[in-house]
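Derivation of every value follows stated rules applied to the coordinates shown; laboratory data play no part. Worth saying up front: this structure is predicted, and the values here are computed from it rather than measured. A quick note on method: Cβ atoms are made from the backbone with ideal geometry, for glycine too, and the neighbour counts reach across all protein chains shown.
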Amino acid sequence: MSFKISSLSEYFVEYQKSIDQPEKFWSDIAETFKWKKPWDKVLSWNFNDPDLKWFLNAKLNITENIFERNIEKFGSKTAIIWEPNDPNEKPLQITYNELFQKTCQFSNVLQDQGISKGDRVIIYMPMIPEAAIAMLACARVGAVHSVVFAGFSSSALADRINDCQAKMVITSDGNFRGKKNIEVKAVVDRAIEKTKTIEKVIVCKRTKAKVNMKSGRDFWWHEVVKNQTSDHKATILDSEDLLFILYTSGSTGKPKGVVHTIGGYMIYSQYSFQNVFQYENDDIYWCTADIGWITGHSYIIYGPLLSGATTLMFEGVPTYPNPGRFWDIIDKYKVNQFYTAPTAIRALQAHGIEHIQPYKLDSLKVIGSVGEPINEEAWHWYHDNVGKGKCPLVDTWWQTETGGIMISPLAGITPNKPAHASLPLPGIQPIILDTNGNELIGNNVEGNLCIKFPWPSMIRTTYGDHKRCKETYFSTYQGMYFTGDGVKRDHDGYLRILGRVDDVMNVSGHRMGTAEVENAINEHPKVIESAVVGYPHEIKGQGIYAYVICDIDNYSEANLIDEIKETVRNIIGPIAKPDKVQIVPGLPKTRSGKIMRRILRKIASKDISNLGDISTLLNPDIVEKIIIGSSKI
Ligand code: PRX
């Protein structure tokens, strides 16, 4: 039985069903999956603790739902198409049968190396098929994977290893990205020096970079896999056992480990994938995200593979060897669904139309956007030049915490409205609240986006710190999940996401906490205090603007600025490097000592006509000085 919605009227019927009888709605869908033992109860929930459980006491293994459930039907079908960074290198096509065998072999490796149910395993790898195999093998043996984006620094990696007390790192020697040949294993080595829990490291050979292998700790992937059989009995797990931890930034402190559990995530990732993208059996689907982010988890790996889809995995970058690379890949494989981020669209748009004109792109049926608000200009460029005006564009709003797409058109079903994520998926109950917690009813309203009822793939906790989960998501509004985003419901009842209302920036679709960048800046010995804000950036959506008070002495300001940028790069990674650094004599503060970020945001955005009342500041004179300084940045 298929749960794919095929018309707008059907969407409304299904939506209503999912609201009236959520437990029946989701259990009907869940019944199409392979369970070792059925659930005693579909849902138990409480948003106050929070305590969230789906398919209570049911037993399963998610990889049996990818492989054993579908293998008779899809065994010889291509599961993963892998396109290497260098277009002249041979691509790979891996069938479901082959992926199953490789997953089983690597599951045996993990168990031989002492990994068992509940152990945390860090995956720090480039976009190569082994990364997918590593994730699936963890899931098969019941280990909890935590994929860390391979662009993060050694100290960011060490923080994550320490937070989840990981036992193993799976990595590669190096990483080809565009013209760069990046070291990977060396970063892992430096990270492990700051940790105590890693017992084993498995290293996949990709670039043939020279690496140090520590005897007894480090093993080559190809060597440990060599003699393993491809028989493996999946570990039987509980629906609420952990599937993965994924670290993401918030408005305070260090990144937190968002926890997703098996049963609910499995059901929602497949359901949302099939409905949003309207995937059909022989389609070739491509999501350009990195597996280090939630989009890669849900819509390169789990959603497509659970659906028996062919999912394309691309190792490289959109501009290598030239800015036509995405379009070249679409034509080469006749991609039918293409899912990318607005920042990539804007960057490619800036390179000029001549890079897209040589390509037909006539295989495309659906194009998608994720990660940040898509501005209308980029929406139209994408729709007209990539979708050739005929492909539905699904602007999908969701988060690491939501596990799957929450608000989005269903391709070809929900009428498209530029820059609108439009309507919630079945099972998703959004609510708009004002800052006092009053519900904003009806159309033409704007406020904070919350969700009032649980959905299967929602965050269960933040790893090792349940209180933080409660405080971050369930305390702003009593009995609601608070997303941190602003939203507008327009005159048609369509939702438009307005961006974050907290101190979280969205830089090139990457989530970054202002506090996290400030902490990194403050590590520079000459920095006394800093304040970081986001500002509108043509390509990245938001850029990072840092105001820094320094002990300059006779030091050159230009050198200091470079050093500060470098410090952030070393502590977090290149994605967090500030675009602008302004050395300031002070920061605007309230009488209670709180930095007035509102003013700093306005100055960074060059919007100084109305700074509001600054007379109540502790140091109102500083504002003028900062404005003068900012004109030179
Ligand atoms: O602000 C929203 C923005 O990205 C945030 C979530 O970031 P992350 O957890 O890294 O997940 C990104 C990929 C799912 C959200 O709080 N965001 C995501 N998608 C959209 C979006 N903003 C506007 N429109 C979207 N389609």
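The stretch 350-396: which trypsin sites (Lys or Arg not before Pro) are DSSP loop and have at most 16 other beta-carbon atoms within 10 angstrom?
Answer by residue number: 360, 388, 390.
For 222, 524, 145, what ranking results if the residue with the fewest other Cβ atoms within 10 Å of its Cβ goes first?
Ascending Cβ contact count within 10 Å gives the list 222, 524, 145.
Bin width 10 Å, origin at 0, all Cα-Cα pairs of the stretch 124-221: what percent of pairs per bin?
Result returned by the calculation: 16, 53, 29, 2.
Cα convex hull of the stretch 487-633: how many Å³ per residue?
Dividing the Cα hull volume of the stretch 487-633 by its residue count gives 135 Å³.
Restricting to DSSP H runs of at least four residues, report the calculated mean residue ellipticity at 222 nm for the chain, -39500 (n - 2.57) per run over all residues, nearest 500 deg cm²/dmol.
-8000 deg cm²/dmol
Would you mind giving the average projected area, over all directions, of the Cα convex hull of the stretch 1-64 in nm² with one decimal?
It is 5.6 nm².
In a Debye calculation with equal point scatterers on the alpha-carbon sites of the stretch 564-613 and no solvent, what is log10 I(q)/I(0) at q = 0.13, 0.15, 0.26, 0.30 Å⁻¹?
Log10 of I(q)/I(0), two decimals: -0.44, -0.57, -1.00, -1.07.
Taking the number of other C-beta atoms within 10 Å as the exposure measure, put 127, 135, 596 in order starting with the fewest.
596, 127, 135
Rg and Dmax of the stretch 222-303, using alpha carbons, in Å: what are they?
My reading of the Cα-based Rg and Dmax gives 16.3, 47 Å.
How big is the stretch 258-414 on each of its three principal axes, counting only the C-alpha atoms and giving the largest first in Å?
46, 32, 30
Between the DSSP loop rule and a limit of at most 13 other Cβ atoms within 10 Å, which GluC sites (Glu not before Pro) in the stretch 25-93 are left?
31, 68, 89
Suppose we look only past 13 Å in the calculated P(r) of the stretch 107-160. What percent of the Cα-Cα pairs does that tail hold?
57 percent
Rounded to the nearest 0.05, what FRET efficiency do residue 73 and residue 322 have when you use their Cβ-Cβ distance and R0 = 30 Å?
E between residue 73 and residue 322, to the nearest 0.05, is 0.15.
Given the peptides 293-301, 210-218, 615-623, arrange them by the average over their residues of other C-beta atoms within 10 Å, most packed first.
Result, highest mean first: 293-301, 615-623, 210-218.
At q = 0.14, 0.16, 0.17, 0.22 Å⁻¹, what log₁₀ I(q)/I(0) does the stretch 15-131 have when each alpha carbon counts as one equal point scatterer in the Debye sum?
-0.89, -1.03, -1.08, -1.23
Sorted from largest to smallest, which semi-axis lengths in Å does the alpha carbon gyration tensor of the stretch 589-633 give for its equivalent ellipsoid, taking the root of 5 times each eigenvalue?
So the equivalent ellipsoid measures 18, 11, 9 Å along its semi-axes.
Could you pull the Rg and Dmax for the stretch 421-544, using just the Cα atoms, both in Å?
Cα radius of gyration and Dmax of the stretch 421-544 are 16.9, 54 Å respectively.
Please name which of 42, 150, 592 has its Cα lying farthest along the dipole of the chain towards the positive end, using unit charges on Cβ (Lys, Arg +1; Asp, Glu -1) and the Cα centre as origin.
Of the listed residues, the answer is 150.
Extension gain residue 616-residue 528, at 0.36 nm per residue separation less the Cα-Cα distance, in nm?
That pair, residue 616 and residue 528, stretches by 29.3 nm at full extension.
Among 77/102; 210/577; 53/254, which pairs are too far apart, with a Cα-Cα distance over 19 Å?
Flagged as over cut-off: 210/577; 53/254.
Using the number of other C-beta atoms within 10 angstrom as an exposure proxy, rank 256, 602, 90 with the fewest first.
90, 602, 256
To one decimal place, what orientation-averaged projected area in nm² is obtained for the convex hull of the Cα set of the chain?
Answer in nm², one decimal: 28.1.
Assuming a viscosity of 1.306 mPa s and a temperature of 10 °C, what translational diffusion coefficient in µm² per second does Stokes-Einstein assign to the stretch 164-215, Rh being the Kirkwood radius over Cα pairs?
Once the numbers are plugged in, D ends up at 137 µm²/s.
Counting alpha carbon pairs within less than 8 Å and at least 6 residues apart, what relative contact order, in whole percent, applies to the chain?
Relative contact order comes out at 12 percent.
Using the reciprocal of the averaged 1/r over all distinct C-alpha pairs, how large is the Kirkwood radius of the stretch 238-351 in Å?
15.6 Å
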